[in-house]
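Colleague: Please see the structure below; I have some questions.
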């Protein structure tokens, strides 16, 4: 519940749909206000499903490089901007990587696996024909930029079975995606849908919300003093545990239904509105 009398100590902001406009450019009107909040001794933290390599273009001195921390890769990584390194990393148990290989064996899926903050994928799965079949052709340029190509991802997973942070499984339909979720849901894993046909597979108990709780505890900040901004389905949990939750104008319905407040969408500087009206 939003309390106008409370001096919130931490603001959690996402990237896509929040700090980035629909053109994927950083909405720079928020940066001076972020700096102002930091100068007051408050914390502004990034929370994203992306890995560090995906956000580097936004992290210059005139951008997000002023932030202290980023909760990345669906909570599997905590990045310290001052140190310039990941200071906390969670890995999938090798038994669970084997379970994912078993569940997806013989099925028509595309998988990407994160190792040391880098996405890895099979070269054949990055062909235009495969991406179109999986409704991922709009991500071709992104994948070409961030995904390290291997001859066979399944062999890569087997060879690096104790070094995998997260696996993303893409399907041709929501029904196929739901089927994978059902096959894995009884195992010690954290599962999160990505749009309609993608499934994030992370270590058990690890998510954006667990990353937020761990960081708040480390900094001695009560969750009552945290304000979280939500946009996508995987933001629901951080909005539920924060003392105050704010939905971006373009947020999915489930996030809007839960949040205390709603601001403009990212193209109309909703993040700037949060900072000006509710956090500073």
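Colleague: Given a Förster radius of 30 Å and the C-beta distance between residue 61 and residue 23 as r, what FRET efficiency does 1/(1 + (r/R0)^6) yield to the nearest 0.05? Working shown, then result.
Modeller: Values: r = 22 Å, r/R0 = 0.73.
Here the calculated transfer efficiency is 0.85.
Colleague: Still on this model: Under 20 °C and 1.002 mPa s, how fast does segment 137-280 diffuse according to Stokes-Einstein, given a Kirkwood radius computed over C-alpha pairs? Answer in µm²/s, whole number. Provide the component values of the computation, followed by the final result.
Modeller: Numbers: Rh = 17.5 Å.
Answer, rounded: 123 µm²/s.
Colleague: In whole angstrom, how long is each semi-axis of the equivalent ellipsoid of the chain, when you take the square root of 5 times every eigenvalue of its Cα gyration tensor and sort them from largest down? Before the final figure, lay out each step's value.
Modeller: Working: eigenvalues 206, 71, 67 Å².
The three semi-axes for the chain are 32, 19, 18 Å.
Colleague: Further question: Quick check on segment 136-280: of the DSSP beta bridges with both residues there, what percent are antiparallel, nearest 5%? Walk me through the intermediate numbers first.
Modeller: On the way: 10 of 16 bridges.
About 60 percent, rounded to the nearest 5.
Colleague: Using the alpha-carbon atoms, what tilt in degrees (0 to 90, nearest 10) does helix 208-219 show relative to the longest principal axis of the chain?
Modeller: Long axis of 208-219 versus the principal axis of the chain: about 50 degrees.
Colleague: Moving on to the next point. Give me the distance between the Cα centres of segment 216-244 and segment 82-105, rounded to whole Å.
Modeller: 24 Å
Colleague: I've got another one for you. Which percent, to the nearest 5, of DSSP beta bridges fully inside the chain are antiparallel?
Modeller: On the way: 28 of 48 bridges.
DSSP beta bridges in the chain are roughly 60 percent antiparallel.
Colleague: By how many degrees, between 0 and 90 and to the nearest 10, does the Cα long axis of helix 174-184 differ from the longest principal axis of the chain?
Modeller: 90 degrees
Colleague: Order these by the 10 Å Cβ neighbour count, fewest first: 90, 145.
Modeller: On the way: 90 21, 145 11.
Fewest-to-most Cβ neighbours within 10 Å comes out as 145, 90.
Colleague: Please arrange 194, 2 by how many other C-beta atoms lie within 10 Å of their C-beta, fewest to most.
Modeller: Least to most surrounded, the residues fall as 2, 194.
Colleague: Another one. Taking only Cα atoms and a 10 Å spring cutoff, compute GNM fluctuations for the chain and point out the largest among 152, 235, 186.
Modeller: The residue with the greatest mean-square fluctuation here is 186.
Colleague: Under a no-solvent Debye model with one identical scatterer per Cα of segment 110-165, what's log10 I(q)/I(0) at q = 0.22, 0.28 Å⁻¹?
Modeller: The Cα Debye sum returns log10 ratios of -0.79, -1.13.
Colleague: Based on other C-beta atoms within 10 Å, arrange 279, 174, 119 from fewest to most. Intermediate values should be presented prior to the final figure.
Modeller: Values: 279 24, 174 12, 119 21.
Sorted ascending by nearby Cβ count, the order is 174, 119, 279.
Colleague: So, one more: Stretched out fully, how many nm does the piece from residue 142 to residue 175 gain, at 0.36 nm a residue minus the Cα gap?
Modeller: Values: separation 33, 0.36 × 33 = 11.88 nm, distance 2.53 nm.
Residue separation times 0.36 nm, minus the Cα-Cα distance, leaves 9.4 nm.
Colleague: To check my understanding: the extent here is largest minus smallest coordinate of the Cα atoms along each principal axis. What are those three numbers for segment 94-203, in Å, largest first?
Modeller: 34, 30, 23
Colleague: Still on this model: Between residue 154 and residue 7, what FRET efficiency comes out of the Förster formula 1/(1 + (r/R0)^6) with R0 = 35 Å and r the beta carbon distance, rounded to 0.05?
Modeller: Details: r = 51 Å, r/R0 = 1.46.
So the FRET efficiency works out to roughly 0.10.
Colleague: Could you give the angle, 0 to 90 degrees to the nearest 10, between helix 30-39's Cα long axis and the longest principal axis of the Cα atoms of the chain?
Modeller: Result, in degrees: 70.
Any read-out appearing in this document is the output of simple, stated calculations on the displayed coordinates, not a laboratory observation. Please read all numbers here as calculations on a predicted model, not as lab measurements. Positions of Cβ are generated from backbone atoms using ideal geometry, with glycine treated the same way; all protein chains shown enter the neighbour counts.
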